[in-house]
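Here's the structure, in structure tokens; my notes come after.
The values are calculated or read from the model by the stated rules, or taken from the named source; none is laboratory data. None of the values given here were measured: they were computed from a predicted structure. Every residue, glycine among them, receives a Cβ derived from its backbone with ideal geometry; neighbour counts consider all protein chains shown. Please note that ligands, DNA and RNA were not included when accessible areas were found on the heavy atoms of the full protein model with its side chains. Shrake-Rupley method; radii C 1.70, N 1.55, O 1.52, S 1.80 Å.
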Amino acid sequence: MAMAASPGPAGVGGAGAMPGSGPSSFGFDSGLEIKTRSVEQTLLPLVSQITTLINHKDNTKKSDKTLQAIQRVGQAVNLAVGRFVKVGEAIANENWDLKEEITIACIEAKQAGETIAALTDVSAPNHPESGGQITIFTDKTGVIKAARLLLSSVTKVLLLADRVVIKQIITSRNKVLATMERLEKVNSFQEFVQIFSQFGNEMVEFAHLTGDRQNDLKDEKKKAKMAAARAVLEKCTMMLLTASKTCLRHPNCESAHKNKEGVFDRMKVALDKVIEIVTDCKPNGETAGAATSIFTGIKEFKMNIEALRENLYFQSKENLSATLEAVLERTEDFTDSAYTSHEHRERILDLSAHARAELQQLASVWLQAQSKRTKSIAEELELSILKISHGLNELKKELHSTATQLAADLLKYHADHVVLKALKLTGVEGNLEGLAECACKFSEQKEQLVETCRLLRHVSGTEPLEITCIHAEETFQVTGQQIISAAETLTLHPSSKIAKENLDVFCEAWESQISDMSTLLREINDVFEGRRGEKYGYLSLPKPMKNNANLKSLKPEKSDSEEKAKIAKLGLKLGLLTSDANCEIEKWENQENEIVRYGRNMSRTAYSLYLFTRGEGPLKTSQDLIHQLELKDDDKLMLLLEINKLIPLCHQLQTITKTPVQNQGLLKVDKCITKTRSMMAILVQLLSLCFKLLKKLQMENNRWVSVMNKDSVDGKT
């Protein structure tokens, strides 16, 4: 029920966060998130303790020690209920529309807890004694009734709290959408910067809420869908910034507007997808079997034929034939593909024909088994089941080999991103003819990747991996089109720095998705070969951080999910702050100004930290990150001379990077990112202030020059 951001940034805001943010802004540090987690944490011991009470044997005499133990359990239940009720009342006070319902449930829970405590109190006079031994209390029915009332009221509070969480997510989504509408219509760069800052705050809030929700989802398919939608939103936030800036710089450029509209459209779809998941509402027209993969179809078919061992009348021959035909029909995605080799195509067709023949044989034996219950017929039926199962396993192997081999070859061929680099070069050169040729090659590459993802989905083996394949397919399709429109804009405006930056951002997203596809392929192979030892990790989440084996001082980190979630949230906010810094830097006409150069360097360092929290970029280990933040003496001296406010932060950051830790690498990373975030927030303010002062100084200089020129003219006269 409670919730963590990409997936799980800590409180929104904090020291030096974007304007209007801070722990109190959204109440995450002491609000519903902690309260609902407290509810769940008190629920588990309650269930265990109540079960202990109900299951005790009441028909035998017990020692004083046993009776005292029962009394302690009853008291523990009552205390846990008391903590639960406090949490429930706090939630009720913050949500007036549900206050009455939650309050009633809390009163019921409190009464049930007190009843259980009273019934287990061995000091009460209504527990008879016999032969010096106190017997177990006889009112077990009362305990059972109280336990049922307690669990019922607890469940009611949890469901009501869940409604509050869903309402929060919907409200947060609506705020993001409203701000996006303002961003779409903005016409001035200054106004855009202000609105985008607000948008960043709202996106961090939304990431926090949805990340925590994702962590609490029990359905792995929903969890994967949520991860995919949140990955789109996170990456598109950066794209939205550069695409919008490009439109503002080149307002009459059609390709720039097309590029920007693509980002906004995709973000809106992702926002809607999140709401569908949290409210459990399917979009119009979606059917349960629409996305069934071949492997899933084969698994269902095999279960149906294996059920014949227990029940010969389980279903009809026609139903089995229809199920198999539906599976084999989907193999046409492989046989019709231009990228499937002739050998693979022939083998798939042969195995499909073999499966049909084996089903006919099974149907014949099955019919005989229904009329003749002999041992030989039963053995023949078993043999037919084994044969068709074996044939389908061979088909699975062939399909898996076809898809994964194609994917591996494609990833290897495009590893150096030759077409992408050529596309960038034609843009910088303003070569329209070259652009058309490169765009054609790139479109072909995009279609190959899209079709390969479609084939991989059929052989993925698990529902979460199926969702990830669909996400990859959509990402390649959409991002590929956006790269071409961004390249067209740069070609039309080859000297535009912002158009080049925009193309770079989309190209980085493409390269990141290629990298994710490589990870996805490895996951699919692991599942197929049965060697997947760890639970599936969603590709949109930060990757586990690995330390250098040669570093004896840093052992491999095994932190809980909340620590990683906190670092991921900090990283997301740091990424948004670098966007703010870059917006301020863009305002400066003299890009070689010392303040601008140092600001740009700090922004790049902060962005590399953001990429690190996503498992991307040049920093591969925690130690890499710490080395990155160890400022060189010259840089440190210049920074400290620039502004006194950075002095304590610089000292604290250096202390953190130089302090040895044992098995606490993630804690050190957390502190480093927090301090860097605070420095970036000051940098944004510093850049803005310096820009204003510079403009003021230039105006004074111009006025002084004007006066001097006037005096000179008057003197000559």
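Cα centroids of the stretch 424-502 and the stretch 70-112: 54 Å apart. In the context of the full set of protein chains, residues of the stretch 397-496 present 41 Å² of accessible surface per residue (probe radius 1.4 Å, heavy atoms only). Here the Karplus curve 6.51 cos²θ - 1.76 cosθ + 1.60, taken at θ = phi - 60°, turns the phi angles of the stretch 669-677 into couplings of 4, 4, 5, 4, 5, 4, 5, 5, 4 Hz, with x standing for Gly and Pro. About the centre of its Cα atoms, the stretch 312-385 shows a dipole size close to 460 debye [charges on the beta carbon of Lys, Arg (+1) and Asp, Glu (-1) only; nearest 20 debye]. Using a 1.4 Å probe on the protein heavy atoms, what percent of the accessible area of the stretch 382-484 belongs to carbon and sulfur? After summing per-atom areas, the C and S share lands at 55 percent. Solvent-accessible surface of the stretch 237-345, taken per residue with a 1.4 Å probe and all protein chains present: 51 Å². Note on residue 601/residue 94: beta-carbon distance plugged into 1/(1 + (r/R0)^6) with R0 of 41 Å gives a FRET efficiency of 0.40. For the peptides 369-380, 265-276, the ranking by mean Cβ contacts within 10 Å, running from highest to lowest, is 265-276, 369-380. The ellipsoid equivalent to the alpha-carbon distribution of the stretch 472-517 has semi-axes of 22, 11, 5 angstrom, derived from the gyration tensor eigenvalues as √(5λ) and listed largest first.
Starting with the highest mean, order 486-492, 244-250, 321-327, 466-472 by the number of other Cβ atoms within 10 Å, averaged over the residues of each peptide. All intermediate terms of the calculation are to be shown ahead of the outcome.
Details: 486-492: 26.9, 244-250: 22.0, 321-327: 16.7, 466-472: 23.9.
By packing density, highest mean first, the sequence is 486-492, 466-472, 244-250, 321-327.
The stretch between residue 174 and residue 343, if pulled fully straight at 0.36 nm per residue, gains 55.6 nm over its current Cα-Cα span.
Using the structure shown, select from 235/397; 441/500; 185/566 the pairs with a Cα to Cα distance greater than 31 angstrom.
235/397; 185/566
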